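Asker: A single structure is presented below for examination.
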Amino acid sequence: MTADSASHGLQQWHGTTIIGVKCGDTTVLAGDGQVSMGNTVMKPNAKKVRRIGDGKVIAGFAGATADAFTLFERLERKLDQYSGQLMRAAVELAKDWRTDKYLRNLEALMIVADKDTMLVLTGNGDVLEPEGGIAAIGSGGNYALAAARALTDYETDPEKIARRAMAVAADVCVFTNDQVTLETV
């Protein structure tokens, strides 16, 4: 047990890869299924990408699972409150996440997308539109991001790009596996 895990009483859950690829009017989010605690794989088939907001929004998370579910629920409420407007709902969630005493302690990142927009949301209040229609988060995120960017020179199908980028991340990142959940909007 490390000093950090001893101070928290539990080891921290670690690692994942989520990638979003937008080509034309199609956006794909893909996520691996591995949940790790330290050097142990606790679950190989977690679903880190899902549909929310009456199925019109897809969302993926990296970080603490309970925290991510809390954020999914909050985002769904914001989507209801703002008539399904993803950008407005995301900005309002980011404000709450940054300023609310409880939410401020949540440890997760999210990629969310609807038919028009893809965004990365952080606990720092960031609502980022990715450059080039590609975003990736998690421990294998940089590997998947680099692979997807390279693939866009040769491939236009966002699902093929996302699947291949996830395979590259799974080959390189020990906290990422090849059991991919994929959603398209």
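Asker: Mind checking which lysines have their C-alpha under 17 Å from Lys22, skipping anything on the same chain fewer than 8 residues away?
Answerer: Counting by Cα, and skipping residues close in sequence, Lys22 has these lysines nearby: Lys56, Lys115, Lys160.
Asker: Would you mind ranking Ser36, Ser83 so that the residue whose beta carbon has the fewest other beta carbons within 10 Å leads the list?
Answerer: Working: Ser36 21, Ser83 8.
If I rank by nearby Cβ atoms, fewest first, I get Ser83, Ser36.
Asker: For a quick check, take a GNM of the chain with Cα springs below 10 Å and name the residue from Ile52, Ile19, Ile111 with the largest mean-square fluctuation.
Answerer: Sorting by GNM fluctuation, first place goes to Ile52.
Asker: What residue among Ala94, Ala62, Ala135 has the largest mean-square fluctuation in a Gaussian network model of the chain, using Cα springs under 10 Å?
Answerer: Ala94
Asker: If you don't mind, another one. Where is the GNM fluctuation largest for the chain (alpha-carbon springs, 10 angstrom cutoff): Ala165, Ala150, Ala68?
Answerer: Greatest mean-square fluctuation among the candidates belongs to Ala150.
Asker: Would you work out which of Leu182, Thr99, Asn142 lies farthest towards the positive end of the dipole of the chain? Charges go on Cβ: Lys and Arg +1, Asp and Glu -1.
Answerer: Result: Thr99.
Asker: Which FRET efficiency value, to the nearest 0.05, do you get for Ala146 and Asp80 by plugging their Cβ-Cβ distance into 1/(1 + (r/R0)^6) with R0 = 22 Å? Don't skip to the answer; put the middle values down first.
Answerer: Details: r = 37 Å, r/R0 = 1.67.
After rounding to 0.05, the efficiency reads 0.05.
Asker: Also, quick follow-up: Which of the helices in the chain meet the span-like rule: DSSP H, Cα axial reach of 18 Å or more, Kyte-Doolittle mean at least -0.5? Please list the in-between numbers first.
Answerer: Values: long enough: 65-81 (24 Å, -0.66); 86-99 (20 Å, -0.17); 158-172 (21 Å, 0.15).
The answer, listed by residue number, is 86-99, 158-172.
Asker: Sticking with this one: How about Lys95: which aspartates and glutamates have a C-alpha closer than 19 Å to its C-alpha, ignoring those fewer than 8 places off in the same chain?
Answerer: The qualifying aspartates and glutamates are Asp67, Glu73, Glu76, Asp80, Glu107, Asp126, Glu129.
Asker: With unit charges on the beta carbon (Lys/Arg positive, Asp/Glu negative), name the residue among Met87, Thr70, Ile58 whose Cα is farthest towards the positive pole of the charge dipole of the chain.
Answerer: Checked the options; the winner is Thr70.
Asker: Now for a separate question. Subtracting the Cα-Cα distance from 0.36 nm times the residue separation, let me have the gained length for Lys43 to Asp116 in nm, one decimal.
Answerer: Details: separation 73, 0.36 × 73 = 26.28 nm, distance 3.31 nm.
Separation in residues times 0.36 nm, less the Cα-Cα distance, equals 23.0 nm.
Asker: If each residue's Cβ is checked for other Cβ atoms within 10 Å, how do Met110, Met37 rank with the fewest at the top? List each step's numbers first, then the result.
Answerer: Numbers: Met110 24, Met37 15.
In increasing order of surrounding Cβ atoms, one gets Met37, Met110.
Asker: Students often forget the sequence filter, so: which lysines lie under 29 Å Cα-Cα from Lys101 once same-chain residues fewer than 8 apart are removed?
Answerer: Lys47, Lys48, Lys78
Asker: With +1 assigned to the C-beta of every Lys and Arg and -1 to the C-beta of every Asp and Glu, and no other charges, what is the dipole magnitude of the chain about the Cα centre in debye, to the nearest 20? Don't jump to the answer; show the numbers that get you there.
Answerer: Values: 20 positive and 24 negative charges, 65 e Å.
The dipole of the chain has a size of about 320 debye.
Asker: Which longest run of the chain has no exposed loop site in it, a site being chymotrypsin sites (Phe, Trp or Tyr not before Pro) in a DSSP loop with at most 11 other beta carbons within 10 Å, and the site itself not part of the run? Write down the numbers at each step before the final one.
Answerer: Working: sites that count: Tyr102, Tyr154.
Answer - 1-101.
Asker: Among rounded, prolate and oblate, which fits region 17-176 when a ≥ b ≥ c are the square roots of the eigenvalues of its C-alpha gyration tensor, a/c under 1.5 means rounded, and a/b larger than b/c means prolate? Working shown, then result.
Answerer: On the way: a/c = 1.92, a/b = 1.20, b/c = 1.59.
Note, shape of region 17-176 comes out oblate.
Asker: So between Arg88 and Gln179, what do we pick up on full extension, going 0.36 nm a residue minus the alpha carbon distance? Mind showing how you got there, number by number?
Answerer: Details: separation 91, 0.36 × 91 = 32.76 nm, distance 3.25 nm.
Gain on stretching Arg88 to Gln179: 29.5 nm.
Values in this text are rule-based calculations from the coordinates and carry no lab data. Treat the numbers as computed from the prediction; the structure is a model and nothing was measured. Every residue, glycine among them, receives a Cβ derived from its backbone with ideal geometry; neighbour counts consider all protein chains shown.
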